[in-house]
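Visitor: Dropping the structure in here first, questions after.
The values are calculated or read from the model by the stated rules, or taken from the named source; none is laboratory data. None of the values given here were measured: they were computed from a predicted structure. With ideal geometry, Cβ positions are generated from the backbone for all residues, glycine too; neighbour counts draw on all protein chains shown.
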Amino acid sequence: MAKQHRALGYLGFILLLAATAVVLYGGFALLKTIGGSKILSAAFAVVWGVGSVALLYFVLNMGAERLPRRARAILVPVVFAGPALVLLFWFLVLPTLRTLWLSFFDDTSTRFVFLENYRFAFTDRIMLESFRNNLLWMVFGTLLCVGLGLVIAVLADRSRWEKLYKAIIFMPMAISFVGAGVIWKFIYAYKGEAAGIQEIGLLNALVVALGGKAQAWLLIGGWNNFLLIVIMVWLQTGYAMVILSSAIKAVPAELLEAARMDGASEFRIFFRVIIPVIEGSIVTVTTTIVIFSLKLFDIVRVMTGGNYGTNVIANEFYMEQFTYGQTGRASAIAIVLLVAVVPVMIYNLRQFAERRAFK
Amino acid sequence: MRQKIITLFAILTLVAGATALQADPLSDAYAGKFKGTTVTMSGPFTDNDAVKFNESVKEFESRTGISIQYEGSKEFEASISIRVNGGNPPDVVDFPQPGLLANFVKTGKAIDLSKVLNMTKVKANYIQSWLDMGTMTGPKGPIMAGIWARVNVKGIVWYNKKAFDQAGYQVPKTWDELKKLMDQIKKDGDAPWAIGIESGAATGWAATDWTEEMMLRTTSLANYDRWVKGQLKFSSPEVRRAIQTWSDVWFGDGNVYGGRTAIATTSFGDSSKILFDNPPKAWLHNQGNFIVTFFPEGLTPGVDFDFFQLPAVNSTYGAPVLVGGDIYAMFKDRPEVRAVMQYFTMGESLKTWVQSGGALAPQRDAQLDWYTNPVDRRLGELLKTAAAVRFDGSDLMPGAVGAGSFWKEMTAYVSGTHTLDQAVKAIDASWPK
């Protein structure tokens, strides 16, 4: 009787699995035919996409739960992590390998040129300029973001208006990079010099009001990189600030009290007590922003398009691939960028592991 | 009599038969066979251009029931590659640069139009050079990659006619007269030229147009053709001289409104507007005829503004006409897409655009009386009566140069980041081998 019952259960499960497959595939087929109405297909895609994935998990989990305890222990993680791993492999690992493969071929991906594209990536004048600029972004962008974030977090911590200050600093985080680019374009705008010209740029308005001469800010070689970095600092300081602020608040009060009892100055407490305690958070924020500045693209694209000596690696990659049609070179640049980011990422993951963020 | 009728009948049958054999997608469309279908299209038309394009295809849409959805983008040059290489191209793509299309033809992405259109009609409706410029080399040899739609005449100097006449200025016929006019304007306390080359990710293209116009005016047509093909280097004395000729105009003290640095930060479309300030802040603006869509609204062509062709620099070479244009290519083959493409080979697809100004039609069946204003009619005549016509060189060069280093280096040169020597050498180095 029990056996029969179980067999029926399996049959039911298989039917359920088949039904799930039908929903998954049928929805996809249906989505292709809807096509015409964009709103309808978007709505359908959301409902079907989320719904069918949830259904798939539910059904697979139900199947796994029915299995004997030992098999279950192995299968349940596979059921939950498996689809994600497959998708990760499909969308991340395979494209990376293919990019590596393409980086050894010419612009039409047909002729094998071996390391020629890498020779380009490390010798071309514009690439060298991009490397230099990315280094600037990495060093100054990160230092300023983390430094300012830390200072503001500490100072705000002692202020009556903490929430207000933090809200103001944090607000730019809500703006996209392209949006920020548009805003800053107006700040740096330059109209030229002639009778009757009205500068509409905020920075030039300030400079002129103080008796200075209007400048074409984004055209000033060398300095223009820093003017662009300021935009990232404006956007990202808030992120550093909130993380560091919460870390500072977690510093045990007894520790600070003990230090004060021992007669340590506030500076000493900051450098010898607070900083060591929140070191983990500082490292995490720093590595995140470093990776970020290595991959930086939007600000440069919107503000200068890489002109006037402000190009960065990601923008050059984009130009090579999508404007010049140089697939091989673009792939090589992408691989170089990946290789540059990986050590930082590994370091970052190590930090997570040490702090048991994954356990 | 009877004999005659039979002959006539026979001829009619033959003609009908021949027409039936030579499948014509357009007549199917007009018969309503593709009612309710949609053809997607991508290109660089935005703002006013997009409105005029939609206006011009409206009649076709209502007659056939085919809906043409045009998606315009200012980042078109970059975004179209993502879509085509990502395997998700629109049905029809409108390229302002044949060089960019040639990239896709090379990898076999574009459809050979000679296999899907009624070519007898197409060939009858374009002069040979347009057909030649639409033929490109694919992996299996040359194909008919695209057909020409709206074309522009470049090297046109626009001016505010009312103010110009009032100030007593004369239209210059030679380079020397132009220089004298510039001196006169400066003496009167204004800047002669309004110039801007900012254009988002495409910043610098306006400077490449000037380079081409000067190439046509300071060296032979043969040299121009060699230059476009990459046989004559940018660092050659000929190209350097061409760039130097416009540099003298651009960088000369007080020649351009806002000064040299403002050229790179001023949008090409905005730069023309100051011609119509009262009083004008600058007096001359050299740009293709499409620029009239950027002029302030409510101006009457021929009354409020007029043009003269940029004069010859050297009488040996004269002033050949530089043209640009939009070439439409097909990336997905469906019957309704064929019909739309066939329609685009007809002058009537541009009729309302031509009538509302800002466009010239390259098709033979386009009528001169469609040009409703004297300015456009004179432009049309200029195109027809030109001793020599050449296509915009940067648009014919490989993408890495024509949409890349040429723009970027001219921008760097104008902004003072690079010297002329550095700029031309960098362009030569970027030419794909």
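Visitor: Considering only residues that are modelled with pLDDT of 90 or more and in a loop (DSSP other than H, G, I, E, B), which ones fall in region A:84-112?
Guide: Selection gives A:Ser103, A:Phe104.
Visitor: Is it the case that region B:337-352 has a residue that's under 30 Å from B:Asn103 (Cβ atoms), free of Cβ contacts under 8 Å to residues at least 40 places away in the same chain and either hydroxyl-bearing (Ser, Thr, Tyr) or buried (at least 17 other Cβ atoms within 10 Å of the Cβ) (or both)?
Guide: no
Yes or no, residue by residue, for (1) in a helix (DSSP H, G or I); (2) at pLDDT below 90:
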| site | (1), (2) |
| --- | --- |
| A:Glu199 | no, yes |
| A:Val208 | yes, yes |
| A:Gln215 | no, yes |
| A:Leu218 | yes, yes |
| A:Gly221 | no, yes |
| A:Asn225 | yes, no |
| A:Leu228 | yes, no |
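Visitor: Take the conditions under 22 Å from the mean Cα position of the chain (by Cα), surrounded by 14 or more Cβ atoms within 10 Å (Cβ to Cβ) and not aliphatic (A, V, I, L, M) and apply them to B:Pro89. Does it pass?
Guide: no
Visitor: Within region A:243-280, track down each residue that is within 30 Å of A:Val178 (Cβ to Cβ) and surrounded by fewer than 17 Cβ atoms within 10 Å (Cβ to Cβ).
Guide: The one that is within 30 Å of A:Val178 (Cβ to Cβ) and surrounded by fewer than 17 Cβ atoms within 10 Å (Cβ to Cβ): A:Ser246.
Visitor: Restrict the check to region A:63-81 and report whether at least one residue is in contact (Cβ under 8 Å) with a residue 24 or more places away in the chain and assigned to a helix (DSSP H, G or I).
Guide: Within region A:63-81, one or more residues are in contact (Cβ under 8 Å) with a residue 24 or more places away in the chain and assigned to a helix (DSSP H, G or I).
Visitor: Still on this structure, please answer the following. Any residue at all in region A:233-241 that's buried (at least 21 other Cβ atoms within 10 Å of the Cβ), more than 14 Å from A:Ala180 (Cβ to Cβ) and within 14 Å of chain B (Cβ to nearest Cβ)?
Guide: No, there is no match, as no residue in region A:233-241 is buried (at least 21 other Cβ atoms within 10 Å of the Cβ), more than 14 Å from A:Ala180 (Cβ to Cβ) and within 14 Å of chain B (Cβ to nearest Cβ).
Visitor: Could you tell me whether region B:258-269 includes any residue that is surrounded by fewer than 20 Cβ atoms within 10 Å (Cβ to Cβ), under 23 Å from the mean Cα position of the chain (by Cα) and part of a loop (DSSP other than H, G, I, E, B)?
Guide: The answer is no; no qualifying residue exists.
Visitor: Is it the case that region A:348-358 has a residue that's among the charged types (D, E, K, R), touching a residue at least 40 places away in the same chain (Cβ under 8 Å) and within 14 Å of chain B (Cβ to nearest Cβ)?
Guide: No.
Okay, residues lined up against (1) touching a residue at least 12 places away in the same chain (Cβ under 8 Å); (2) of a type outside the set (D, E, K, R):
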position	(1), (2)
A:Pro276	no, yes
A:Val283	yes, yes
A:Ile291	yes, yes
A:Lys295	yes, no
A:Asp298	yes, no
A:Thr304	yes, yes
A:Val339	no, yes
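Visitor: Follow-up. Return the only residue of A:Ala209, A:Ala216, A:Ala167, A:Ala205 being free of Cβ contacts under 8 Å to residues at least 60 places away in the same chain, within 14 Å of chain B (Cβ to nearest Cβ) and small (Gly, Ala, Ser).
Guide: Only one candidate passes the filter, namely A:Ala216.
Visitor: Which condition number does B:Gly259 fail, the rest of (1) within 14 Å of chain A (Cβ to nearest Cβ); (2) touching a helix residue (DSSP H, G or I) at 6+ places or on another chain (Cβ under 8 Å); (3) of a type in the set (Gly, Ala, Ser); (4) on the phi > 0 side of the Ramachandran plot being met?
Guide: (2)
Visitor: Sticking with this one: May I ask you to say which residue of A:Val342, A:Val336, A:Val285, A:Val290 is in contact with a Cys (Cβ under 9 Å, 6 or more places away or on another chain) and either in a helix (DSSP H, G or I) or not basic (Lys, Arg) (or both)?
Guide: A:Val285
Visitor: While we're on this one: Could you grab me the full set of residues in region B:417-430 that are within 11 Å of another protein chain (Cβ to nearest Cβ) and within 19 Å of A:Asp107 (Cα to Cα)?
Guide: Residues satisfying the conditions are B:Ala429, B:Ser430.
Visitor: Go through region B:49-63 and report how many residues are buried (at least 17 other Cβ atoms within 10 Å of the Cβ) and either in contact with a Ser or Thr (Cβ under 9 Å, 6 or more places away or on another chain) or under 16 Å from B:Lys109 (Cβ atoms) (or both).
Guide: Of the residues in region B:49-63, 5 are buried (at least 17 other Cβ atoms within 10 Å of the Cβ) and either in contact with a Ser or Thr (Cβ under 9 Å, 6 or more places away or on another chain) or under 16 Å from B:Lys109 (Cβ atoms) (or both).
Visitor: So in region A:281-301, with the set limited to residues that are surrounded by 22 or more Cβ atoms within 10 Å (Cβ to Cβ) and within 14 Å of chain B (Cβ to nearest Cβ), which one is nearest to the chain's Cα centre (by Cα)?
Guide: A:Ile299
Visitor: Moving to a separate point now. Filtering region B:1-48 down to residues that are within 30 Å of A:Ser37 (Cβ to Cβ) and at pLDDT below 85, which residue is surrounded by the fewest Cβ atoms within 10 Å (Cβ to Cβ)?
Guide: The qualifying residue surrounded by the fewest Cβ atoms within 10 Å (Cβ to Cβ) is B:Asp47.
Visitor: Now for a separate question. Return the residues of region B:262-303 that are acidic (Asp, Glu), within 18 Å of A:Glu199 (Cβ to Cβ) and either more than 10 Å from chain A (Cβ to nearest Cβ) or in contact (Cβ under 8 Å) with a residue 60 or more places away in the chain (or both); say none if nothing qualifies.
Guide: B:Asp270
Visitor: Exactly one of these conditions fails for A:Glu193: (1) of a type outside the set (Lys, Arg); (2) within 14 Å of chain B (Cβ to nearest Cβ); (3) touching a residue at least 24 places away in the same chain (Cβ under 8 Å). Give me its number.
Guide: That leaves (3) as the condition not met.
Visitor: Next question, about the same structure. Looking at region B:81-199, what helices (runs of 4 or more DSSP H) fall wholly within it and have at least 3 residues that are touching a residue at least 24 places away in the same chain (Cβ under 8 Å) and either of a type in the set (Gly, Ala, Ser) or within 14 Å of chain A (Cβ to nearest Cβ) (or both)?
Guide: Once the helices (runs of 4 or more DSSP H) in region B:81-199 are filtered for at least 3 residues that are touching a residue at least 24 places away in the same chain (Cβ under 8 Å) and either of a type in the set (Gly, Ala, Ser) or within 14 Å of chain A (Cβ to nearest Cβ) (or both), what remains is B:98-106.
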